[in-house]
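What follows draws every value from the coordinates through simple rules; no lab data is involved. Being a predicted model, the structure only gives us computed values, none of them experimental. No Cβ is skipped: glycine too gets one built from the backbone with ideal geometry, and neighbour counts run over all protein chains shown.
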Amino acid sequence: MLKPESYILRIGHRPERDQRMTTHVGLSSRALGASGMYLAADDQKVADSIADVARRFGGTYFCENNVKWKNCISSFKNNSGTVVHLTMYGLRLQDVIADIRAEEKILIVVGAEKVPGDTYELADYNVAVANQPHSEIAALALFLDSLYEGRELELAFPGAELEVLPTAVGKTTLKYDEHRGDIA
Ligand code: SAM
């Protein structure tokens, strides 16, 4: 596991319009080294689709549905975690990432619509990935790459049923049956 351990808290998710974005928050953070996502909304369909990818492609990423966002932040802090809120209004990523990298575990808060005002006070760091408005998926991906300095691209995902074999042209996948090592 990469250090610091990272977890995502997704707030402001609207099931009627954010399903694709929230699923991509989960999938992108999984691919780039995070350990799991807490979803502060009730949308089991999103949690299930992330869990399905995690089951097929390996690793231990989880998605917990329907958490209370303030409880999630306070219990993370009570367990020696550090809360990082991604916001275009925050301190510049390049100025604070070294300090954040030295923490033991971090909870990265990403919004959908406008986030509640007290998020800014509850966070240990409010961090901007450029002080310009853009997307939570782009902000999260750049943040994780900067946090792990590219090491996340070497991550292994043990227990995969399906693995992509990098190829210059075309698509090649390896399928494993339940007896690990056998290629179907
Ligand atoms: N207008 C909303 C607000 O004022 O909070 C932001 C909406 S934005 C589409 C959704 C999320 O993307 C934000 O809550 C934040 O987590 C993330 N985000 C957008 N731009 C960002 C930036 N420049 N740096 C860090 N995070 C950003």
Matching residues, region 52-88, being touching a Phe, Trp or Tyr at 6+ places or on another chain (Cβ under 7 Å) and either free of Cβ contacts under 8 Å to residues at least 24 places away in the same chain or on the phi > 0 side of the Ramachandran plot (or both): Gly58, Gly59
Cβ-Cβ under 7 Å pairs, at least 6 apart or on other chains, region 4-28 side under 21 Å from Asn71 (Cα atoms), far side basic (Lys, Arg): Glu5/Lys105; Thr22/Arg10; Val25/Arg10
Positions within region 26-37 being crowded, with 22+ Cβ neighbours inside 10 Å, touching a helix residue (DSSP H, G or I) at 6+ places or on another chain (Cβ under 6 Å) and of a type outside the set (Gly, Ala, Ser), in sequence order: Met37
Residue count for region 104-118, restricted to those that are over 18 Å from the mean Cα position of the chain (by Cα) and surrounded by 15 or more Cβ atoms within 10 Å (Cβ to Cβ): 0
Pick from region 91-129, criterion closer than 27 Å to Glu16 by Cα and not aliphatic (A, V, I, L, M), ranking: farthest from the ligand (Cβ to nearest atom): Asp118
Qualifying residue in region 130-145 (condition: within 11 Å of the ligand (Cβ to nearest atom), among the aliphatic types (A, V, I, L, M) and over 19 Å from Arg30 (Cβ atoms)): yes
Residue that is nearest to Val83 (Cα to Cα) [pool: residues in region 150-172 that are touching a residue at least 24 places away in the same chain (Cβ under 8 Å) and not aliphatic (A, V, I, L, M)]: Glu152
Qualifying residue in region 61-81 (condition: under 20 Å from Asp18 (Cβ atoms), within 11 Å of the ligand (Cβ to nearest atom) and either over 13 Å from the mean Cα position of the chain (by Cα) or assigned to a helix (DSSP H, G or I) (or both)): no
Test: residue in region 85-103 that is part of a helix (DSSP H, G or I), farther than 19 Å from Leu39 by Cα, under 19 Å from the mean Cα position of the chain (by Cα) and not hydrophobic (A, V, I, L, M, F, W, C): yes
Qualifying residues in region 130-168 (those that are of a type outside the set (A, V, I, L, M, F, W, C) and assigned to a helix (DSSP H, G or I)) - the one nearest to Met21 (Cα to Cα): Glu136
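Can you pull out every residue in region 106-129 that is in a helix (DSSP H, G or I) and free of Cβ contacts under 8 Å to residues at least 60 places away in the same chain?
Restricting attention to region 106-129, the residues satisfying the condition of being in a helix (DSSP H, G or I) are 118-122.
Correct list: Asp118, Tyr120, Glu121, Leu122.
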